[in-house]
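Heads up: the structure comes next, in structure tokens.
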Amino acid sequence: MIDKDVDLRSDTVTSPTAEMREAMARAMVGDDVYGEDPTVKQLEQEGAACVGKEEALFLPSGTMGNLVAVLSHTGRGDAVLLDSESHIFYYEAGGASVLGGVQFWPLEGLHEGGGAVEMIKKGVRPPDQHFAPVRLLCLENTHNRLGGVVMPPGAMEEVCSAARHLGLVVHLDGARIFNAAAALQLPATDFTRHCDSVMFCLSKGLGAPVGSLLAGTTSFIARARRNRKLLGGGMRQAGVLAAAGLLALEHRHALQEDHRRARELAREIAALPGLDVDPFPPPTNMIIVHTAGANCSPGEFCAFLAEQGIKAIPFGENRVRMVTHRDISDEDIGRAINGVKAWSLHFQSQGSRGGDRP
């Protein structure tokens, strides 16, 4: 009997380890709003060092971290350039527009292939009373909706240099920046050095139960701290959470195992009739399965897997996402492979492509 599902919906579903729970129980704490929590201070110092910034700020979530960054870099009526498929634009409830009065200016394909510099140049309109002035460029690395793809340091340097030449500041949504670093076997600072600020999550592949860090210059973090308070993100004895975050930072060196498992699962899926994986091989820990060739909707595909104890998530038209993470073992990958193969047998028994849906 299967006691526990193999949960591949996201790397946000990880549970704190026994070591994390013990560290949380014995954490030294103080009032962080007063700046008196020693564990939070340690986490912020170590997190800033990991991405090569002067200071960092601990926040409850990555969404709040990105929102605080945008609020701290812009004023009401300013415009923000970003990818049309970016997490900030697609999944964060329009927070910067609602609460900051900024206008998002989405650029289609900013993170796909070349041409990013020219897109940015076109996006920055000349000074005119009719136009919202563009102040900020937001990048994302790795890119969620594109399947965990990595923007290499050279491309980031080129884009950031062009943005700065146009008078823009650059914020990096680096929710999974350590996955990018692990994929190319480079230090995270190679990706972050050219950005003015960077947010990264502790609660995804790094496995902490809660929290993200926003890093930048000392003056930027001072503004960010006030905006965190404005949004209700000031926490009190937050060292209980920061203690898990410190251990999560240590886990960044093990992310290549998640990538290896993602490649193994993707390889088996791509070999089955009716299914494609794109990008292939997966560049990091995300597998995007395309179901159009199987005459099967993402919802139907995920429902069948759920009956096998495998959790995946629909990810748009004809797409399903699977994400490996610290709680997924080699045995779990084997179970997931068997679950997808069971779907394939069922699919073929219904008359292959063009037949009844499984």
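The values are calculated or read from the model by the stated rules, or taken from the named source; none is laboratory data. All of these numbers come straight from a predicted model, not from anything done at the bench. Cβ: placed from backbone, ideal geometry, glycine included. Neighbour counts: every protein chain shown.
Scanning region 285-307 for residues that are at pLDDT 95 or above and not in a helix (DSSP H, G or I) turns up ASN285, MET286, ILE287, ILE288, VAL289, HIS290. Looking at region 132-149, can you tell me whether even one residue there is charged (D, E, K, R), on the phi < 0 side of the Ramachandran plot and loosely packed, with under 15 Cβ neighbours inside 10 Å? Looking through region 132-149, none of the residues is charged (D, E, K, R), on the phi < 0 side of the Ramachandran plot and loosely packed, with under 15 Cβ neighbours inside 10 Å.
Restricting attention to region 95-116, which residues are over 17 Å from ALA69 (Cα atoms), surrounded by 16 or more Cβ atoms within 10 Å (Cβ to Cβ) and out of contact with any strand residue (DSSP E or B) (no Cβ under 7 Å at 6 or more places or on another chain)? Spell out the reasoning first.
Here is the first cut: in region 95-116, the residues over 17 Å from ALA69 (Cα atoms) are 106-116.
Narrowing further to those that are surrounded by 16 or more Cβ atoms within 10 Å (Cβ to Cβ): 106-107, 110-111, 116.
Once the filter is applied, which keeps residues that are over 17 Å from ALA69 (Cα atoms), surrounded by 16 or more Cβ atoms within 10 Å (Cβ to Cβ) and out of contact with any strand residue (DSSP E or B) (no Cβ under 7 Å at 6 or more places or on another chain), region 95-116 yields only ALA116.
Residues that are more than 16 Å from VAL40 (Cα to Cα), outside any helix (DSSP H, G or I) and aromatic (Phe, Trp, Tyr) do occur in region 267-280. Scanning region 308-318 for residues that are in contact (Cβ under 8 Å) with a residue 60 or more places away in the chain, over 18 Å from the mean Cα position of the chain (by Cα) and part of a loop (DSSP other than H, G, I, E, B) returns a single hit, GLY309. For SER197, the conditions (1) in contact with a His (Cβ under 8 Å, 6 or more places away or on another chain); (2) without any contact (Cβ under 8 Å) to a residue 24 or more places away in the chain all hold with the exception of (2).
Rundown of residues vs (1) surrounded by fewer than 16 Cβ atoms within 10 Å (Cβ to Cβ); (2) at pLDDT 95 or above, yes/no style:
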position	(1), (2)
ASP276	no, yes
PRO282	no, yes
PHE315	no, yes
ASP330	yes, yes
GLY354	yes, no
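The residues of region 1-36 that are part of a loop (DSSP other than H, G, I, E, B) and either in contact with a His (Cβ under 7 Å, 6 or more places away or on another chain) or more than 25 Å from ARG236 (Cβ to Cβ) (or both), listed by number, are MET1, ILE2, ASP3, LYS4, ASP5, LEU8, ARG9, SER10, THR14.
At least 1 residues being within 20 Å of ILE177 (Cα to Cα) and touching a Cys at 6+ places or on another chain (Cβ under 9 Å) is the threshold, and among the helices (runs of 4 or more DSSP H) wholly inside region 52-165 those reaching it are 62-73, 87-91, 153-165. Considering only residues in region 98-155 that are basic (Lys, Arg) and in contact with a helix residue (DSSP H, G or I) (Cβ under 9 Å, 6 or more places away or on another chain), the one that is nearest to VAL170 (Cα to Cα) turns out to be ARG135.
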